[in-house]
Amino acid sequence: MTERKTSALPVQVQMLSKHFGNVRAVEDVSFDIRPGELLTLLGPSGSGKTTLLMMIAGFSRPTRGSIRIADQEIVHLPPHKRNIGMVFQNYALFPHMTVGENVAYPLRLRKFARSEIEDRTRKALDMVQLGGYGARRINELSGGQRQRIALARAIVFEPRILLMDEPLSALDKHLRETMQIEIRQLHDRLGMTTISVTHDQREALTMSDRIAVFSNGRLAQIGTPTELYEKPESRFIAEFIGESTFLPLRHTPEGAAYGEQVIHLADDVKQAAGETLLMLRPERLRLVPADGATGAGGDTNVFAGQVNTVVFQGESLLFEVMLDGGHKVSVRMANRSENLRQLPQAGDRVALKLERADARVVRAEG
Amino acid sequence: MADVTSFPAPGPIGQAEFEANRRALERDRRAETRMRINLTLPALLVVFVLMVCPILWLLSLSVVGGDGGLSLENYALFFSEQVYVEMFLKTFMIAFVVTIICVLLGYPVAYLLAILPPSWSGVLMLAVLVPFWTSGLVRTFSWLIILQRNGIVNKSLVWLGVIDKPIPLVHNMTGTVIGMVHIMVPFLILPLYASMKAIDGNLMRAGANLGSSPTHAFFRIFLPLSMPGLVAGMIMVFVMCLGFYITPAILGGGKIKMIAQRIEESISLYPTWGPAAALAVLLLLMTAVCLFISLKLVRWLAAGR
């Protein structure tokens, strides 16, 4: 199959707001999308991510702000003049047309020659691995096939950018995981600037170059998947991406402390940061017997506690440990035979080790 | 620890016990089938007595001649007189015209109902339903008053200078069609509205996203998808028009004769039920043919092409 060169354009969103009466669905959101980047808008329902996508697509009129593709302002353009491809949440395939007619729809509108339409439709179907499905009816397709056709229809006319609204939410878990990889690979081949919306953090981590996390209509943090996971700025991000438990920190002359225990942190904490928390990723804590709690020093923090529960979860074991300081902490241990030999049981005294490099501080608010 | 009493696990099932289970399950299955038949029977009986029997009776009446014997003379009567054929044609023509006007008036209303926010569409729906719930006889006489020589329509038109003297609006085709459209249009709007409501709003958005102007998207996406509801409504209106009696009788003023009126006249004109019954059977047959063709059309449309 010949690769067609598609455009990679930058997108700039500036001070974009959308108010519904008194509800501020999106408030002063600004970010840049680099040419060819796959950016995911992530957030819980009601965080404004879908409203933002609808404004970029042109289905929702912003209260104020600017959206630019390359250097063209598109905020005033009606949706049919924006030349933006979109994969809808429920695919929105036309049920009264065949697969081929659906894919050819944008090409017919653009008055391509008949042979060009046929050629491009066939290539687009090949690209989503549904070559030969052109004559099928939409209701004969499975969910995964519909998803692919929606994708083919969205890219066949070489739009300036591609939008995807919860593209995989209607698929079962296994298919979703396959499609995440497939969409990522397709994106790498096309190189088209893509904006995807999801509430599934795993999907965002798997597919994205960068993720923009939204909360209450505002942009909470934007960064690569690794940045967001390793260096979340707030409790909200740390909880939304990955699992986490938190310990309150006090500011003492010796540095940040949990109770009386001074914590060795990965970074210096800014004093003015307000209330701060120590983020504990369950897989970064090491569970050792209470008597083996040596090695505390400049590079390791050790917490003493008692095992509340042990839950077998297949590939890992999840422990809930009650620290002597009175906080519950989750610890994940890989299901490996060397770990199982001396497995702590509920009620056992244990120690938790946290490497300095893993001791991250987050804001309690926002 | 909770106070739990543990019971021993049951042993393996014996051959005899297994066989007894199988027989009992089979017995249950038969009992269920009998029960289903018993529960359906009363409803079937009602349908048979009230729907099938009268039609069979009508059929039998239509083949009884003036002398009381079996004959097809009632049907021969129909085919012997040109006036009957013309009347049938006129009935179908009126039904067709009324259906088309209902489509032109009803489609925009149903569209508005489907796209307006619920508070507004609720009010509009009442405007459709309140006349629908009002007696057809009352509405027909209302039209008689509105459209008569000194009615509000003629007076207004004269006052506005559109016409010099009152024009005849009732006791003719115009009045008949106006009255029938008014009675029939809800029968078109309601199924059409239901099918429009079922159209996914994202489809129109997808059309716009792919480059369709609103007008283009309407004709390529919305209109084809609303077609099954439109055809269902048209069939309803057309078939009901074919047998319509009250409104054509009153607003037509005896000048517009549709089949139903002719049937009524036959009953008083002839000493036997035969001629009227034959007309009714012919109407029923033609309606059935129309329905059959329409249903084929709906299937064809639903299949997409």
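Read-outs throughout are calculated quantities, based only on the coordinates presented, and are distinct from any laboratory measurement. All values reported here derive from a predicted model rather than from experimental measurement. Please note: Cβ atoms are built from the backbone with ideal geometry, for glycine as well, and neighbour counts cover all protein chains shown.
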Rounded to the nearest 20 debye, what is the charge dipole size of the stretch A:11-236 about its Cα centre when +1 sits on each Lys and Arg Cβ and -1 on each Asp and Glu Cβ? 620
Given a Förster distance of 25 angstrom, what is the FRET efficiency for A:Lys328 paired with A:Thr252, based on the Cβ-Cβ distance and rounded to 0.05? 0.60
Identify all lysines with a Cα-Cα distance to B:Lys255 below 28 Å; exclude those on the same chain that are fewer than 8 residues away in sequence. B:Lys90, B:Lys155, B:Lys165
So A:Arg24 and A:Glu227, fully extended at 0.36 nm per residue minus their Cα-Cα distance, gain in nm 70.3 nm
Once the Cα atoms of helix B:259-269 and of chain B are each reduced to a long axis, what angle between those two axes, in degrees from 0 to 90 to the nearest 10, is obtained? 70
Inverse of mean 1/r across different Cα pairs in chain A, Kirkwood, Å: 23.2
Local electrostatic count, A:His19, Cβ distance below 10 Å [Lys/Arg +1, Asp/Glu -1]: +2
Most positive-pole-ward Cα, A:Met333, A:Phe59, A:Tyr258, against dipole of chain A from beta carbon charges: A:Phe59
Using a Förster distance of 25 angstrom, determine the FRET efficiency expected from the C-beta separation of A:Phe31 and A:Leu175, and round it to 0.05. 0.25
Let me check I've understood the local charge: for B:Val158, count other residues with C-beta under 11 angstrom from its C-beta, Lys and Arg +1, Asp and Glu -1. What total comes out? +2
Which FRET efficiency, nearest 0.05, do A:Arg114 and B:Thr134 yield, Cβ-Cβ r, R0 56 Å? 0.50
Nitroxide proxy distance, nm - points 7 Å out along Cα→Cβ at B:Leu39 and B:Leu157: 6.0
Straight-distance crosslink candidates among lysines, where the alpha carbon sits under 16 Å from A:Lys49 and sequence neighbours closer than 8 are dropped: A:Lys18
How far is it, in nm, from the label point at B:Glu86 to the one at B:Lys197 when both lie 7 Å from their Cα along the line to the Cβ? 4.7
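Give the order of A:Asp119, A:Asp188 when sorted by the count of other beta carbons within 10 angstrom, beginning with the fewest.
With the sparsest Cβ surroundings first, the list reads A:Asp188, A:Asp119.
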Can you give the charge dipole size of the stretch A:71-127 about its Cα centre, rounded to the nearest 20 debye, using +1 on the beta carbon of Lys and Arg and -1 on the beta carbon of Asp and Glu? 160
Please give the helix B:223-242 orientation as an angle from the longest Cα principal axis of chain B, in degrees from 0 to 90, rounded to the nearest 10. 60
